[in-house]
Amino acid sequence: MNRTHPVVRLRVPTDEDAFVWHRVFDDPDVMEFHGGRAAELSVYEELTARQRRHDAELGFCLWSVLDSDGEVVGFTGAQPWPHAWGPAGEIEIGWRLGRAHWGRGYATAAAEATLERLRSAGVAGVVAMVDSENVRSIAVAERLGMRVVETFTTPASARRGHCYRLAL
């Protein structure tokens, strides 16, 4: 099946995007595989600031995803894997959208744009760490051509997940 993707734009997150991310991710469905509840605003303030640094230093980050109306619907992008466990030293691609924007192709379209930007930045490959029960994210990873290379257990939550990999 050849799906037509929506038009999306990726931009470096602004200070204001911390408030938007906090609002659109304040949903138990959105946070089901990310701790189960919304993070504090300060978490998103730090996250958006870190992404601005990544963009300046690396040429990529977790970008804010904007729909055709210019509304921020979530984030998609890549960053160095931030934990001591797992694929240390690797670049992780990721996506998270507000619930109202699921099922419309935004995550796949934005992730494909991310892969193009990463190729242009000279990144050789990416991983995606996905909870084994997160069927929506698994579908996005598979649409990108990623394949499972290992199974892991998250230290903090003891949840099982899959490490997907894609050579660029």
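Tell me, which strands (runs of 3 or more DSSP E) wholly within region 1-112 include 3 or more residues that are surrounded by 19 or more Cβ atoms within 10 Å (Cβ to Cβ) and β-branched (Val, Ile, Thr)?
Details: elements: 9-11, 62-66, 72-80, 91-97.
Ranges flagged: 72-80.
How many residues does region 115-138 hold that are within 17 Å of Gln79 (Cβ to Cβ), surrounded by fewer than 16 Cβ atoms within 10 Å (Cβ to Cβ) and touching a strand residue (DSSP E or B) at 6+ places or on another chain (Cβ under 8 Å)?
Total satisfying the criteria: 2.
Restricting attention to region 131-146, report how many residues are on the phi > 0 side of the Ramachandran plot and touching a residue at least 60 places away in the same chain (Cβ under 8 Å).
0
Which of the residues belonging to region 89-106 are touching a strand residue (DSSP E or B) at 6+ places or on another chain (Cβ under 6 Å) and farther than 13 Å from Ser64 by Cα?
Glu90, Ile91, Glu92, Ile93, His101
Considering only region 139-149, I want to know if a residue exists there that is within 16 Å of Gly86 (Cβ to Cβ) and either assigned to a helix (DSSP H, G or I) or out of contact with any strand residue (DSSP E or B) (no Cβ under 6 Å at 6 or more places or on another chain) (or both).
yes
For region 108-130, what are the residues that are under 21 Å from Pro82 (Cβ atoms) and among the polar types (S, T, N, Q)?
Within region 108-130, just Thr114 meets the criteria.
Results for (1) among the charged types (D, E, K, R); (2) out of contact with any Phe, Trp or Tyr (no Cβ under 6 Å at 6 or more places or on another chain); (3) over 17 Å from His54 (Cβ atoms), shown as yes or no for each residue.
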site	(1), (2), (3)
Gly89	no, yes, no
Gly103	no, yes, yes
Tyr106	no, yes, yes
Thr114	no, yes, no
Ala141	no, no, yes
Leu144	no, yes, yes
Pro155	no, no, yes
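Mind checking which residues of region 147-168 are over 18 Å from Arg37 (Cα atoms) and without any contact (Cβ under 8 Å) to a residue 24 or more places away in the chain?
Arg147, Val148, Val149, Glu150, Thr151, Thr153
Which pairs do you get when a residue that is under 18 Å from Leu168 (Cα atoms), found in region 83-97, comes within reach of a residue that is assigned to a strand (DSSP E or B) and open to solvent by 40 Å² or more (accessible area, probe 1.4 Å), reach meaning Cβ atoms under 7 angstrom, with the pair 6+ apart or on two chains?
What qualifies is Ile91/Pro80.
The values are calculated or read from the model by the stated rules, or taken from the named source; none is laboratory data. Treat the numbers as computed from the prediction; the structure is a model and nothing was measured. Every residue, glycine among them, receives a Cβ derived from its backbone with ideal geometry; neighbour counts consider all protein chains shown. With ligands, DNA and RNA removed, areas are computed over all heavy atoms of the protein, side chains included. Shrake-Rupley method; radii C 1.70, N 1.55, O 1.52, S 1.80 Å.
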